[in-house]
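Trainee: Can you keep this structure in mind? I'll have questions shortly.
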Amino acid sequence: MEENNALKSCIEALLFAAGEPLTLPQIAEVLDTTPLHVSKVLEEMKEEKEKSGGLLIKEVAGGIQLCTKPQFHRFIQKLFGIERYNNLTAATVETLAIIAYKQPITRAEVEDIRGVKVEKALASLLNRGLIAEVGRKDGTGRPILYGTTEEFLKQFGLKELEDLPKLIEGA
Amino acid sequence: MEFNVKLSSFEGPFDLLLHLVEKAQVDINEISIAQITDDFLKAIKGMEALDLEVTSEFLLIAATLIDIKSRTLLPVKRSQGDSCEQLEDPRQELIRRLLEYKKYKEVSQVMLEMAGGAQCYHTKAPEVIEPQYRPVNLSLNQLFQAFQRALDRSEALKEKPESVHHIQKEEVSISQQMEYIYTNLKGKESLSFSTLLINSESRYYIVITFLAVLELIRIKKIVVVQDELFSDINLFLREAETNGGE
């Protein structure tokens, strides 16, 4: 349909200009239509983009985002002349994992599970914007509660917290 | 021994314990406390030999292990009224904690891979769309520097050697100069700072002009824009706000 193609092109333009993820309601409002309609059109767009072109549409952090296809990663790196290292240490990721699954959680509770002090790891995670203070726990000392952020979802390619891998219970 | 090499890579006591359990190739629930305690203490000795810091966390777990071991060795004390009640396995708490830790250690591996994968998807930063004649946030410093440059350029600085210094009566006041600038601007689209100062007769005049400009900015009659760093500064009449005043 002609109208559909116009809509698709417009959505593509919006996603490009926005850079950051856009939510369905956001796109719907600009285009004067419903989020349901947008989502239907997006499904078609996703398929089309996967078949050709260098970009694809990803669902991340509760929104939609235009991003490059992974196979071109190394070319992009070459273009910018830098190696983008994650440099998250195992310790930091372990701490992050505990917070991600058990949030909101206090520092002491994290240390209890990890068996070591997590001050450094917490500082590093806060610095990178992967976790944030989300409140305080009632009780003595009113310790700070931590939780993960939207940036966390983005950096780990997650749509939402429910998309975290399932924990393997038991021995 | 390759075990020594690994000693430095343990994140904490649980990490080491898990490794020992895996090495013993037994189910966590079936670990022999005696064996594990011995292995753990041996490892700690190894760490000390390698001059690695044995933190208090390691010592705490070592003490816990020894405590559990001693409890399993001692005869069980049955309290009154205790029939076939399940006796508390002193290992339970430790095993529970180990399993909990193992859960997160394993999932963090997966998460690390996810992060690595997510890195391959590049995105754009949002577009920065700014309205045209938006005044650049000129700091007082920049304004002053422009003024200083004008001062340097102006003829008035070529001071003629005077034999007698005359103290002149003030000729132009700030408000008079403000009027002058404002009226001047009305007829034109914009006025450049340097143009304003072209006919400066004296240093005093330049200073008064600068102060007038500052005052006009303050009472929101004009806006100043600088296109580039160190370029001339342009004055514009400030348009009245249409929706509510400021």
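What follows is calculated from the coordinates using simple rules that are stated; it is not laboratory data. What you see is a predicted model; the values in this text were computed from it and never measured. Note that we place each Cβ from the backbone using ideal geometry, even for glycine, and neighbour counts take in every protein chain shown.
Trainee: Taking a label point 7 Å from the Cα of B:Val26 along the Cα→Cβ vector, which residues of the range A:138-171 have an amide N closer than 17 Å to it?
Mentor: Within reach of a label on B:Val26, which here means backbone N under 17 Å from a point 7 Å along Cα→Cβ, the range A:138-171 contributes A:171.
Trainee: Evaluate peptide B:94-107: per residue, the Cβ atoms of other protein chains within 10 Å of its Cβ; return the mean as an integer.
Mentor: 5
Trainee: Right, something else. Given the pairs A:Lys137/B:Lys69; A:Lys78/B:Lys105; A:Lys69/B:Lys105; A:Lys49/B:Lys105; A:Lys58/A:Lys166; A:Lys166/B:Lys69, which span a C-alpha to C-alpha distance of over 28 angstrom in this model?
Mentor: Beyond 28 Å between Cα atoms: A:Lys137/B:Lys69; A:Lys78/B:Lys105; A:Lys69/B:Lys105; A:Lys49/B:Lys105; A:Lys166/B:Lys69.
Trainee: If you don't mind, another one. Give the relative contact order (percent, whole number) for chain A; include only Cα pairs under 8 Å separated by 6+ residues.
Mentor: Taking the mean separation of contacting Cα pairs over the length of chain A, I get 18 percent.
Trainee: Give the separation of the Cα centroids, the range A:57-108 to the range A:13-53, in Å.
Mentor: 23
Trainee: Return one number: the angle in degrees, 0 to 90 and rounded to the nearest 10, between the long axis of the Cα atoms of helix A:90-102 and the longest principal axis of the Cα atoms of chain A.
Mentor: Taking the Cα atoms of chain A, the angle to A:90-102 is about 80 degrees.
Trainee: Same structure again: Does anyone have the angle between helix A:2-18 and the longest principal axis of chain A? Alpha-carbon axes, 0 to 90°, nearest 10?
Mentor: 40
Trainee: Another question, then. Compare the Cα positions of A:Thr33, A:Ala90, A:Tyr146 along the charge dipole of chain A (+1 at Cβ of Lys, Arg; -1 at Cβ of Asp, Glu; about the Cα centre) and return the one farthest towards the positive end.
Mentor: Checking the options against the dipole of chain A, the answer is A:Ala90.
Trainee: Would you work out the relative contact order for the range A:29-82, in percent, from Cα pairs under 8 angstrom that are 6 or more residues apart?
Mentor: 19
Trainee: From the phi of every residue in the range A:158-169, what ³J(HN,Hα) in whole Hz does the Karplus formula 6.51 cos²θ - 1.76 cosθ + 1.60 yield, where θ is phi - 60° and glycine or proline is x?
Mentor: 9, 6, 7, 4, 4, 7, 4, x, 6, 6, 8, 7
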